[in-house]
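Engineer: What follows is a single structure, and I will ask about it in a moment.
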Amino acid sequence: MIRRIDWLRLDLEGFGVWREPTRFHFPDRLGLFRLPNERGKSTLVAGLRACLFGLPNKTDPRDHGIARYRSWGQPRPCRGVLEARLDDRRILFRRDFVSHDTRVDVVDDAGGSLESLFSGQANPEGRNPSTRAYEVLLRDLLGELADEELFAATFLVEQPVVPAGETDEALGRLVSGVGRVGGDEACARLFEEVKSLTRFTGDRELLAPESTRPTNQRTDGAIEQRKKELEALEATRVETVARFDALVDLEDRRDRAEARSAQAEEELRHAAADLERIE
């Protein structure tokens with residue numbers, strides 16, 4: 001399921017170069033955010049992702065995690081707020097990237113809470129009931145995009161850009177519109193569906209997986225089986241009609257014979273009566 005998703009605003013604090021509370025508003029249509037290199041463009045993108053999926057407790061700054069994105073210097077909060085419109089609802093995600101305390105609310109246009117959807121810890125490395133409940137909610141809200149890698153490959157163009165031919169397979173599945181099935185697997189499944197219907201796949205120029213030329217199948221599909229069943233039923237119908245017609249003809253002949261017999265009996269009675277009078 002693919003929802004309409006509009007990012008409305010993002011608040012970051014203590015996140016990379018965005019040490020002080022900073023708010024970003026996203027336009028309804030295409031927006032352009034220009035900054036010199038190393039001034040926070042990629043960090044903004046990472047902050048949006050982190051509001052949804054959190055940050056692992058990685059201590060190596062080279063890894064995607066809290067050590068990489070928490071602002072240096074005096075202790076300060078490291079948190080974010082993301083407001084989005086999902087279909088016809090405004091959803092507000094609030095997250096502390098250090099403690100993993102997370103809150104998700106349905107809000108009105110002024111930001112007031114209309115319904116609390118989640119409140120608790122959502123540690124991306126956790127396996128506790130609270131984290132699992134958040135993952136279920138995220139899948140309900142984002143559908144297929146609740147997969148973080150798929151989300152990153154779909155919404156976020158990060159550095160380095162993926163070279164041609166190495167695009168994430170899940171992104172290919174999403175773009176092709178077949179959900180969690182890749183293009184080759186989708187073709188294979190469709191071929192199996194067609195093969196189950198008819199053996200004449202070759203006549204329809206359909207290639208079996210890993211085949212080089214189209215060929216017909218050896219066993220009948222559902223269409224051929226039904227055709228044979230219909231032919232057998234038609235033969236039975238014709239035979240039944242012939243037997244019925246023969247039966248009707250026999251009944252007509254019997255009726256005529258009975259009529260002749262009755263007539264003969266009547267004539268015999270008349271003859272007997274005439275004979276008695278003569279005597």
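The values are calculated or read from the model by the stated rules, or taken from the named source; none is laboratory data. These numbers were taken from a predicted model, which means no experiment stands behind them. Because the Cβ atoms are built from the backbone with ideal geometry, glycine has one as well, and the counts that use them run over all protein chains shown. These area figures cover heavy atoms from the full protein model, side chains too; ligands, DNA and RNA do not enter into them. Shrake-Rupley method; radii C 1.70, N 1.55, O 1.52, S 1.80 Å.
Engineer: If amide hydrogens are placed 1.01 Å from N in the peptide plane, which non-local residues have theirs closer than 5 Å to the one on GLY16?
Structural biologist: Here ARG70, SER71 satisfy the definition.
Engineer: Here is a follow-up. Can you show me the helix-derived [θ] at 222 nm for the chain, built from DSSP H runs with n ≥ 4 at -39,500 (n - 2.57) apiece and divided by the number of residues, rounded to the nearest 500.
Structural biologist: Numbers: 7 runs with 119 residues, N = 279.
For the chain, the value works out to -14500 deg cm²/dmol.
Engineer: Hey, what do the phi angles of the stretch 108-125 turn into as Karplus ³J(HN,Hα) couplings, whole Hz, using 6.51/-1.76/1.60 and θ = phi - 60°, x for Gly and Pro?
Structural biologist: Working through the residues one at a time gives 8, 5, 8, x, x, 6, 9, 7, 8, 9, 7, 8, x, 8, 10, 7, x, 9 Hz.
Engineer: Rolling a 1.4 angstrom probe over the protein heavy atoms, how many square angstrom per residue are accessible across the chain?
Structural biologist: Here the residues of the chain average 68 Å² of exposed surface.
Engineer: Mind listing the long-range amide H neighbours of VAL98? Cut-off is under 5 Å, sequence gap 5 or more, other chains count too, H placed in the peptide plane at 1.01 Å from N.
Structural biologist: The answer is CYS78.
Engineer: For a quick protection proxy, order the peptides 233-245, 93-105, 132-144 by their average other-Cβ count within 10 Å, most packed first.
Structural biologist: The densest-packed peptide leads the list: 93-105, 132-144, 233-245.
Engineer: Roughly speaking, what is the stretch gain from ALA257 to GLU192, that is 0.36 nm per residue apart minus the C-alpha to C-alpha distance, in nm to one decimal? Present the calculation step by step, with values, prior to reporting the outcome.
Structural biologist: On the way: separation 65, 0.36 × 65 = 23.40 nm, distance 6.38 nm.
This chain segment gains 17.0 nm when fully extended.
Engineer: Right, next: For a quick check of your reading of the filter: which GluC sites (Glu not before Pro) in the stretch 1-94 sit in a DSSP loop and have no more than 13 other Cβ atoms within 10 Å?
Structural biologist: Numbers: sites: GLU13, GLU38, GLU83; in loops: GLU38.
Listed in order of number, the matching sites are GLU38.
Engineer: Could you pull out every residue, at least 5 positions away or on a different chain, whose amide H is within less than 5 Å of the one on ARG199? Hs are placed 1.01 Å off N in the peptide plane, and Pro or chain starts have none.
Structural biologist: Hits under the 5 Å cutoff: GLY221, GLU224.
Engineer: Further question on the same structure: Rounded to two decimals, what is the ratio between the C-alpha radius of gyration of the chain and 2.2 N^0.38 Å? Walk me through the numbers on the way to the answer.
Structural biologist: On the way: Rg = 39.8 Å, N = 279, 2.2 N^0.38 = 18.7 Å.
In units of the 2.2 N^0.38 Å rule of thumb, it is 2.13.
Engineer: While we're looking at this one, here's another question. Once phi is turned into θ = phi - 60°, what whole-Hz ³J(HN,Hα) does the Karplus curve with 6.51, -1.76 and 1.60 give for every residue of the stretch 91-96, x standing for Gly and Pro?
Structural biologist: Once rounded to whole Hz, the list reads 10, 10, 9, 10, 9, 9.
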